[in-house]
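Notes for the one structure printed next.
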């Protein structure tokens, strides 16, 4: 589950991490009130208006500077209601429904402000948590890693000892910090790691992590993702979930306990098991179609789950056919077949052809049930047969 | 010969009296697996499925000499169950549970690694089966036949698909190992392949992977250098978009090198028979074995 910047900063603050302060606004009026309050609280000379949407975008699209209250009004007006295209949103983009009015942290003083990059994430290849950091802050870290790999450092944390103070000292040293800034940095990193582990985050990214003119280390931006499997023990974080950022059909499927991901193809599919579901999507592509979704109905493919699955798939007008692929192990195929027939009759007019492939326990009996149901359902037992039938149906 | 489990394995079920634990323990017993008892905290002293129930793994091991444990404990308590089994001296821990928090698994895996002669399989896996000898998992026993093909996989039903194809092609399986669909795996694909490569009874290996992580690439590089048996490979998720989790917690494309395409390319370059369609896993294995003569 992803958090917005304003939420991530709120969580970080709880762990004693200094953050750039700001006010959340859903309307232009709120943006102006927020900016005025912020001016009183922080003395900020200018304002940064930041769009709050999940996913990565170019910063200049997401962040705008307002030199005074009038400019905050102008920028907030332009930003609210605008669609932002991110790598995650696809081409249709995402509507900006809230902005964050933030203080200026780059005021010059006894030294120059300097931007750094720091993130913490779980590294699969070592099964350890890893702190990634760089002197090249405020830039796309993937680009930095590609062009100047020697400037991206990694610090792995031993699962036996957990985070140790020397981990932070190494980081502050490699970032070239000294004096007060060195001390602020070690404290910042230790607190951030504590926040990461305590909240069961799968990723925290601070970019830029700023050394201010007066040698403080501050999180100017913040991204955070929480491990979905750990949300059961973080009701406070779960409450921060922003459903408007998620695909509505996926949210609905989740309510029926279906594991569904919307894709943009023309053949819907319903499968038991995640691996087989991905493999079924691949089969659809090899048969000349494109998968319209990923859908894992889990171990028990009952009439209810099958019906819920059909309803969700058929919401998509692009779906030209549906492939149901069930490997009956513990679950018996004849039961699933009966469930499909029942769901089909319950729903009345399904206008797209359905191909049902049932393999495993009682597969022959299941095929007979489908074939004798009199419904517009094509049956198959072998995976290759199912692929051929998808091809035939799409050719029509 | 076989790897990991055989007819002499003495199996303990953690989460024995729960719905899942009871159901699958019964299936395992029916298959002929030596289930010697179970653990459910607070129910020690009871009998369940004609087997003794213990409060702790240590007590169960002392009384039954169990050497394998299978875990059906809910996600919030599963890492605790793994560490308890390791501490009690269980040599092979198989964790079926799906949805264990990553931070819990990091610690549990590190602990298991720190113990001598202790191995964890899973979590979020179907378990391990040596057909005709022992089924320590949730797979349907009847699709398997004793034989010479070893199977390593990150998924459940897709493995059953491969098993079924192998059986239909006239071959059987030596041992099938489900390494699990989570981002933290107690035993990696590579380690499972190494076990099968060293097993004199295994003549061919099927490796089923999916998007996310680098386990298949690591295994492929090792196979290129040390492989002595034909390996057939498939990677699920060729059509999965970047950054979207496909059911399994570990099935997510992070960058350019953990897509199905990238993995399949590496596997081909390392001499693995890679199939584009999962419908041809069994057939390709048969062809590879015939080619070898």
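The condition (being within 14 Å of chain A (Cβ to nearest Cβ) and at pLDDT 95 or above) is satisfied by just one residue among B:41, B:74, B:52: B:74.
Of all residues in segment A:104-123, those that are over 13 Å from residue A:211 (Cβ atoms) have Cβ atoms under 7 Å from Cβ atoms of residues that are outside any strand (DSSP E or B), 6 or more apart or on another chain, in A:104/A:44; A:104/A:45; A:104/A:46; A:120/A:192; A:120/A:193; A:120/A:196; A:122/B:102; A:122/B:183.
Need at least 3 residues that are within 25 Å of residue B:154 (Cα to Cα) per element, so show me which strands (runs of 3 or more DSSP E) inside segment B:1-100 make the cut, counting only ones lying wholly within it.
B:11-14, B:68-71, B:92-95
In the set A:356, A:331, only one residue is at the interface with chain B (Cβ under 10 Å from one of its Cβ atoms), surrounded by 18 or more Cβ atoms within 10 Å (Cβ to Cβ), over 27 Å from the mean Cα position of the chain (by Cα) and outside any helix (DSSP H, G or I); that residue is A:331.
Of the residues making up segment B:105-142, just one is out of contact with any strand residue (DSSP E or B) (no Cβ under 7 Å at 6 or more places or on another chain), within 14 Å of another protein chain (Cβ to nearest Cβ), surrounded by 19 or more Cβ atoms within 10 Å (Cβ to Cβ) and under 30 Å from residue B:282 (Cβ atoms), namely B:124. Reported count of residues in segment A:272-294, each being at the interface with chain B (Cβ under 7 Å from one of its Cβ atoms) and either in contact with a helix residue (DSSP H, G or I) (Cβ under 6 Å, 6 or more places away or on another chain) or within 17 Å of residue A:327 (Cα to Cα) (or both), is 13.
With a requirement of 1 or more residues that are free of Cβ contacts under 8 Å to residues at least 40 places away in the same chain, the strands (runs of 3 or more DSSP E) lying completely within segment B:131-205 that satisfy it span B:146-153.
Taken as a whole, the condition of being closer than 22 Å to residue A:243 by Cα, at pLDDT 95 or above and surrounded by fewer than 17 Cβ atoms within 10 Å (Cβ to Cβ) does not apply to residue A:41. Taking the numbered list (1) crowded, with 22+ Cβ neighbours inside 10 Å; (2) without any contact (Cβ under 8 Å) to a residue 40 or more places away in the chain; (3) away from chain A (no Cβ under 14 Å) in turn, residue B:4 passes all entries but (2).
Of everything in segment A:107-137 that is in a loop (DSSP other than H, G, I, E, B) and surrounded by 16 or more Cβ atoms within 10 Å (Cβ to Cβ), the residue that is farthest from the other protein chains (Cβ to nearest Cβ) is A:113. If the condition is being surrounded by fewer than 20 Cβ atoms within 10 Å (Cβ to Cβ), in contact with a strand residue (DSSP E or B) (Cβ under 7 Å, 6 or more places away or on another chain) and either more than 7 Å from chain A (Cβ to nearest Cβ) or under 22 Å from residue A:387 (Cβ atoms) (or both), then segment B:231-274 contributes only B:268. Looking only at residues in segment A:157-181 that are in a loop (DSSP other than H, G, I, E, B) and without any contact (Cβ under 8 Å) to a residue 24 or more places away in the chain, the one that is farthest from residue A:18 (Cα to Cα) is A:160.
Before we move on, is residue B:147 in contact with a helix residue (DSSP H, G or I) (Cβ under 8 Å, 6 or more places away or on another chain), modelled with pLDDT of 95 or more and either more than 22 Å from residue A:274 (Cβ to Cβ) or within 11 Å of another protein chain (Cβ to nearest Cβ) (or both)? Taking the combined requirement at face value, the residue satisfies it.
The values are calculated or read from the model by the stated rules, or taken from the named source; none is laboratory data. Given the structure is predicted, the values throughout are model-derived calculations rather than measurements. Cβ atoms come from the backbone with ideal geometry, glycine included; neighbour counts cover every protein chain shown.
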